[in-house]
1. For region 272-297, how many residues meet the condition of being modelled with pLDDT under 95 and part of a strand (DSSP E or B)?
2. Please work out if K156 is within 30 Å of I219 (Cβ to Cβ) and either charged (D, E, K, R) or buried (at least 19 other Cβ atoms within 10 Å of the Cβ) (or both).
3. Name the single residue, out of those in region 403-440 being assigned to a loop (DSSP other than H, G, I, E, B) and β-branched (V, I, T), that is nearest to S482 (Cα to Cα).
4. Anything in region 265-280 that is farther than 22 Å from N306 by Cβ and either among the polar types (S, T, N, Q) or within 21 Å of the chain's Cα centre (by Cα) (or both)? List them, or say none.
5. Residues that are closer than 27 Å to A309 by Cβ, in contact (Cβ under 8 Å) with a residue 40 or more places away in the chain and not in a loop (DSSP other than H, G, I, E, B): does region 32-39 have at least one?
6. Anything in region 187-210 that is under 20 Å from V174 (Cα atoms) and touching a helix residue (DSSP H, G or I) at 6+ places or on another chain (Cβ under 6 Å)? List them, or say none.
7. Exactly one of (1) out of contact with any helix residue (DSSP H, G or I) (no Cβ under 8 Å at 6 or more places or on another chain); (2) within 27 Å of I111 (Cα to Cα); (3) open to solvent by less than 20 Å² (accessible area, probe 1.4 Å); (4) assigned to a strand (DSSP E or B) is unmet by I78. Its number?
Amino acid sequence: MNNPIEKILTIDISSNSVKTALVSDNLKINLTTSQDIKILNEDLDGFAKRIDMDDLWHKICINIKDIIQKCHSDNYKIIGISTCAQRIATVFLDKKGKIIYAGPNTDIRGIDSAYIIEDTFSEEELFEITAHNPSLLFCLARLLWFKEEEEEIYNKINKVLMLDDWLVYKLSGVFCTDLTSSAESQLIDIKKSNWSSEIIEKFDLNPDILPQIVESGSIIGYLVPNLTSKFELKSSKIPIIKSGGDTQASLLGMGAIENADLGITLGTTAPLHLIIDKPYIDPNLTFWTSFHSISGKWIIEAHAGNTGASYSWFKESFLQRFSEESDSIIDTFLQNSNPGALSTFAYLGPELMNLKDQTSIKRGVFVFPPPMMVSEVLPKIDDFARSIIENIAFGIYENFKALHNFQISKVFCAGGMSKSKEILKVIANVLDTDLNVPEFKDSSFIGAAMNTLKALDYFKDYRSFIEEFIKFEIISSDSSISEKYKEIYAQWKNIKNKVDKL
């Protein structure tokens with residue numbers, strides 16, 4: 001009998017869904033499945049949110065069983081399971097391991113406890129330690145909120161985990177975290193690469209509730225026996241590998257691993273991550289610094305905002321009447337329209353990262369030539385679609401331009417929207433740079449699988465994986481179109497300055 005084909009089971013909990021993939025040991029995605037997750041509001045204002053964790057775990061189990069059943073070959077072996085998840089999302093457990101709170105990355109209940117943090121640390125002092133702001137987003141503020149508002153629940157907290165840490169615990173029974181996950185808690189000292197003793201002491205937090213920090217891409221345990229039988233897996237001892245934040249897994253999978261590499265993830269949002277070799281504290285308190293999956297490397301994060309969310313909103317709101325698949329329709333619209341979209345401009349959120357100054361909810365606006373007798377050519381739905389893609393590209397460009405204070409060598413791009421070559425062309429031309437796009441756009445799956453192979457010593461380093469297994473397509477910019485976009489961006493920005501005052 002031939003040797004079994006080796007497969008890696010990967011799980012990614014994103015902002016909107018839980019996705020599972022079976023990846024081969026030569027980094028090819030064989031099968032995928034996905035289900036939406038439930039985010040519930042806990043107050044009328046929508047500030048306090050929680051994840052329906054019973055529903056999430058149920059869907060994870062269904063996804064895994066579905067993947068295994070679809071794998072028609074009997075001659076295969078699961079050599080490891082690796083997970084990643086949305087960053088910032090936090091889970092509190094009691095002594096029995098029962099969930100007492102699980103909040104997504106959009107839970108900002110911490111806005112009500114921000115004053116406690118401000119009374120203890122200035123914004124500059126806390127940013128100097130954590131390289132993250134504003135406080136209302138993170139685990140620290142959520143802990144203090146429960147301490148003030150729900151003391152009975154707070155006193156039951158036995159472990160504080162990030163969302164990926166929780167999934168690892170469910171699969172292995174092991175409490176741990178890694179720096180790619182825990183850096184988004186605002187409890188990590190970015191320079192010391194450890195829990196901040198100063199923050200813990202100042203807020204009288206129990207350090208025992210914080211899990212052990214392990215290296216990303218390491219074996220932390222094995223799949224618990226009852227899940228082996230529940231998932232109908234053949235192997236009896238399957239390693240669980242810690243990957244961490246989905247963004248860092250995505251960077252690995254798109255090939256962004258060297259200093260001065262820039263990775264753009266086109267998902268629900270569009271973070272830009274520049275790889276550096278030492279921690280950086282932005283003197284303007286704008287750009288975050290976190291950890292790459294590779295030990296000894298950090299990432300500076302600029303963020304263009306809700307790019308994919310704007311794209312999805314347009315498709316769901318305006319393209320449902322079409323029989324053709326919506327992504328294909330957008331591609332056709334882009335092919336049939338010109339840069340500038342007949343002076344049609346969209347302002348739906350994507351812009352230069354400025355999270356520390358979100359004092360009001362901005363209006364979504366389209367600006368376009370109105371129907372008038374003197375107008376011979378008026379914008380159509382093609383142009384409105386292009387204006388949204390250009391809004392996304394301009395938001396990415398503003399952050400890309402800001403990061404040019406540092407050296408940038410190669411630009412990589414992956415994520416859901418990168419499946420469209422037409423969208424990639426717009427981004428490449430607006431940035432006036434070439435994009436390195438991997439064969440598999442769901443790069444978090446590939447990154448999680450790479451972590452598994454690295455943990456199992458299949459290769460000596462990540463560069464070896466990339467050189468042997470990851471194929472790239474280069475999306476080149478057109479200098480003449482890029483030159484036009486400089487003028488179009490200036491017009492868009494001029495109007496944006498006025499729109500922002502609405």
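The values are calculated or read from the model by the stated rules, or taken from the named source; none is laboratory data. This one's a predicted model, so the numbers in the text were calculated from it and none came from an experiment. Methodologically, a virtual Cβ is constructed for each residue, glycine included, from the backbone with ideal geometry; neighbour enumeration extends over all protein chains shown. Note: areas computed on protein heavy atoms with side chains; ligands, DNA, RNA excluded. Shrake-Rupley method; radii C 1.70, N 1.55, O 1.52, S 1.80 Å.
1. 0
2. On the way: within 30 Å of I219 (Cβ to Cβ): no; either charged (D, E, K, R) or buried (at least 19 other Cβ atoms within 10 Å of the Cβ) (or both): yes.
No; evaluated as a whole, the condition is false for this residue.
3. The first filter runs over region 403-440 and keeps only residues assigned to a loop (DSSP other than H, G, I, E, B), leaving 404-410, 415, 420, 432-434, 439-440.
Adding the requirement that they be β-branched (V, I, T) leaves 408, 433.
On the way: I408: 18, T433: 9 Å.
Top of the filtered list is T433.
4. I275, I276, P279, Y280
5. Initial filter on region 32-39 (closer than 27 Å to A309 by Cβ): 32-39.
Next, only the ones that are in contact (Cβ under 8 Å) with a residue 40 or more places away in the chain stay: 32, 39.
Filter once more, keeping what is not in a loop (DSSP other than H, G, I, E, B): 32, 39.
Scanning region 32-39, I find at least one residue that is closer than 27 Å to A309 by Cβ, in contact (Cβ under 8 Å) with a residue 40 or more places away in the chain and not in a loop (DSSP other than H, G, I, E, B), so the answer is yes.
6. Matches in region 187-210: P207 only.
7. The single condition I78 does not satisfy is (2).
Each row is one residue, and each column tells you yes or no for (1) under 28 Å from D189 (Cα atoms); (2) of a type in the set (S, T, N, Q).
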residue	(1), (2)
W288	yes, no
Q320	no, yes
D327	no, no
F333	no, no
F345	no, no
F368	no, no
D382	no, no
E398	no, no
